[in-house]
1. Could you say whether any residue in region 105-121 is aromatic (Phe, Trp, Tyr) and in a helix (DSSP H, G or I)?
2. What number of residues in region 77-106 are open to solvent by less than 60 Å² (accessible area, probe 1.4 Å), without any contact (Cβ under 8 Å) to a residue 24 or more places away in the chain, of a type outside the set (A, V, I, L, M) and under 25 Å from PRO50 (Cβ atoms)?
3. Which of the residues spanning region 155-171 are open to solvent by 10 Å² or more (accessible area, probe 1.4 Å) and part of a strand (DSSP E or B)?
4. Going by the conditions given, is ARG148 more than 22 Å from GLN39 (Cβ to Cβ) and part of a loop (DSSP other than H, G, I, E, B)?
5. For region 172-194, give me the residue count where each residue is surrounded by fewer than 20 Cβ atoms within 10 Å (Cβ to Cβ), more than 13 Å from the chain's Cα centre (by Cα) and over 25 Å from ARG86 (Cα atoms).
6. In this structure, is ARG74 in contact with a Phe, Trp or Tyr (Cβ under 9 Å, 6 or more places away or on another chain), of a type in the set (D, E, K, R), over 20 Å from ALA145 (Cα atoms) and open to solvent by 10 Å² or more (accessible area, probe 1.4 Å)?
7. With THR130, THR109, THR135 as the choices, which residue is open to solvent by less than 10 Å² (accessible area, probe 1.4 Å) and either out of contact with any Cys (no Cβ under 8 Å at 6 or more places or on another chain) or in contact (Cβ under 8 Å) with a residue 12 or more places away in the chain (or both)?
Amino acid sequence: MSRMAQRWIDELHSPSPSPSESDPDMTESSSEFPSVAGQLLVAMPSLIDPHFGGSVIYVAEHTARGAMGIVVNRPADMNLGSLFSRIDLSLSGSELSELPVFVGGPVQTDRGFVLHEPLGKWSSTLPISTGLGLTSSRDILEAAANGRGPKRFLVSLGYSGWAAGQLDAELAANAWLNVPISQTSLLFDTPAEDRLGAAFRMLGVDPLNLSGAVGHA
């Protein structure tokens, strides 16, 4: 059995808690805290970083204690068929097998995360918004392999994380544009290579006209 397969099995039987589960303070809501959870972060052209330059990130959680999200426009060098094979599942004959796996970020890159709609009931899920969740347990992939998975989903290896105040400072420094979204088509339907441009178009912004001095959306 591969190390990756064992990791998914471990997650199923002893799922790691989501940030809100591991720290009760993460669940505390504040009308004064400017959370961008459920929004997109679009890297400004001035952001020169090997992990985040040119990236679009969906923010799963953002509180005073920190933030986490998934890069949704950076496919890995494997598809779902290959990933499922590595974790001892099969997508043989399924149209899902050619879907890309994404590099979700530089944190825990040997761990899988599934961003999905609808929310469903899985062993370890962080609810993000009505109908949308982020799951790290193997049972959701087993369901997908058997044709019983969520209607729409994407799989990433790793995630993007920020310590307390870190994302807030980056937003204040105009490293990111935050983009509210009311529909999830960009996450699941728009081709990965078009998501950066689509996010800018949602704001009516031409990235060629942007600089590090531009403010937030």
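1. Let us first name the residues in region 105-121 that are aromatic (Phe, Trp, Tyr), namely 113.
Checking the rest, the ones that are also in a helix (DSSP H, G or I) come to none.
No, that holds for no residue.
2. Residues in region 77-106 being open to solvent by less than 60 Å² (accessible area, probe 1.4 Å), without any contact (Cβ under 8 Å) to a residue 24 or more places away in the chain, of a type outside the set (A, V, I, L, M) and under 25 Å from PRO50 (Cβ atoms): 2 in total.
3. Selection gives LEU157, TYR159, GLY161, TRP162.
4. yes
5. Count: 14.
6. On the way: in contact with a Phe, Trp or Tyr (Cβ under 9 Å, 6 or more places away or on another chain): yes; of a type in the set (D, E, K, R): yes; over 20 Å from ALA145 (Cα atoms): yes; open to solvent by 10 Å² or more (accessible area, probe 1.4 Å): yes.
Against the criterion (in contact with a Phe, Trp or Tyr (Cβ under 9 Å, 6 or more places away or on another chain), of a type in the set (D, E, K, R), over 20 Å from ALA145 (Cα atoms) and open to solvent by 10 Å² or more (accessible area, probe 1.4 Å)), ARG74 qualifies.
7. Only one candidate qualifies: THR135.
The values are calculated or read from the model by the stated rules, or taken from the named source; none is laboratory data. This is a predicted model, so every value here is computed, not measured. FYI the Cβ positions are ideal-geometry reconstructions off the backbone, even for glycines, and counts take in every protein chain you see. Heads up: the accessible areas ignore ligands, DNA and RNA and are worked out on the full protein's heavy atoms, side chains in. Shrake-Rupley method; radii C 1.70, N 1.55, O 1.52, S 1.80 Å.
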